[in-house]
Amino acid sequence: MDQVRIGLIGTGGICNGAHIPGYLECEDCRITAICDCDEKALARTGERLHIPKENRFTDYKELIGSGLVDAVDITTSNDSHVEIAIAALEAGLAVSVEKPIGMDFEESLRLQEKSRETGLPVFICFSWRYRDFPRYMRTLIERGEIGELYHMYFESIKDSGLWKGRKLEWRFQEERAGSGVLCDLGSHMFDLIRFFGEEVESVYCDRGTIIKERPRLDCDGLAEVTTDDWSNVICRLKSGIGATVKISRTVTTVREYVELHVIGSKGGLKFTSGIDGSRLLKCVGEDIATNTYREVEIPAEYAKGGQSRSFVELLLGRPDAYAATIEDGIYSQAIVDAAKLSSQIGRKVPISELFETGGGEK
């Protein structure tokens, strides 16, 4: 095929802010159809992309059966990811799906099974692993620049839960989201632990909710928030080292900030990303004595690609070696679920418990 025809299912902020820009920069694809149950959101994105009205759908089944697309990109609420993805696979369409894969580990296994049954790929949108800084960071780790890994300290914090007037959207409802920042931000961090070459053996998690009520979407009054605003997760890795993951959407002093700090026997790497941009710092050799971290220049080849382009390359038979597969999504989902269970029962939870009870591969 000369150009891959992409269908977008879900036209909200993530789709418009993170997915569409990548597709528009990729000459090997074009967005040919869109779908959203919110007609206003559908119209806004349709006008932005100059999508004909007959190629705009409010029912995802109609888009999937339209013959207008070769693959679909799903950015809907978490409770509909698996249902839509399975329908697309059954129709012979490859799938890109936002994280987390589904509402829980067991549901996600259904999608893995359908992907294996159809032989079609399921691409997972763990956006950080498609960026140049984390990819080069992985290269430096694999080269042994900081030696044997000793510690991982990951942080993903923001103020999005404090936006004035923010209503009780699906992210604040456990029955539609599964969990709050634990899955929304945590799934990325758990994936990066694995992206950097480690495997999580067990987790201990504590989490809570700061903003306990929000305005209803459909009427006046307030309703209870049932998802977490903050989570702290201590991970025991199979190599014997530890990883600490701190996540929150209720930080009054930070609009958005991510830090990945990896320390080894020969030094450390620290990636930071916020409103002022991103940086990768390294402390090795003589700098260890003074704890001096120096900025690292990212080679030009790491600037290529991006999440949407990586999906298109997969569809064209040129898969990106670092792209997240359905198996990567399954493991992140297992870690999320184990952390959620840990917070409920107050003990460390081995990841193997999820695979044993969920029927997945050990």
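The values are calculated or read from the model by the stated rules, or taken from the named source; none is laboratory data. Quantities reported herein were computed from a predicted structural model and do not represent experimental measurements. Quick reminder, even Gly has a Cβ in these numbers, built from the backbone with ideal geometry, and neighbours come from all protein chains shown. SASA here: full protein model, heavy atoms, side chains in, ligands and nucleic acids out. Shrake-Rupley method; radii C 1.70, N 1.55, O 1.52, S 1.80 Å.
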- What are the residues in region 303-317 that are touching an Asp or Glu at 6+ places or on another chain (Cβ under 9 Å) and not hydroxyl-bearing (S, T, Y), if any? A303, K304, G305, G306, R309, F311, V312, E313, L314, L315, L316
- Note on the structure: Checked region 153-169 for anything of a type outside the set (K, R) and open to solvent by 50 Å² or more (accessible area, probe 1.4 Å); matches are Y153, L162, W163, G165
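Could you tell me which residue of region 211-221 is nearest to S187 (Cα to Cα), considering only residues that are open to solvent by less than 100 Å² (accessible area, probe 1.4 Å) and touching a Leu at 6+ places or on another chain (Cβ under 8 Å)?
Filtering first and then ranking leaves I211.
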- Right, A323: touching a Leu at 6+ places or on another chain (Cβ under 8 Å) and more than 21 Å from Y130 (Cα to Cα) or not? no
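If only one of L280, L260 is over 26 Å from A177 (Cα atoms), open to solvent by less than 30 Å² (accessible area, probe 1.4 Å) and not in a loop (DSSP other than H, G, I, E, B), which one is it?
The conditions single out L280.
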- Mind checking which helices (runs of 4 or more DSSP H) fall wholly inside region 1-80 and carry at least 3 residues that are of a type in the set (K, R)? 39-49
- Item | Unique match (being farther than 14 Å from S127 by Cα, in contact with a Pro (Cβ under 8 Å, 6 or more places away or on another chain) and not aromatic (F, W, Y)) among I326, I335, I330 | I326
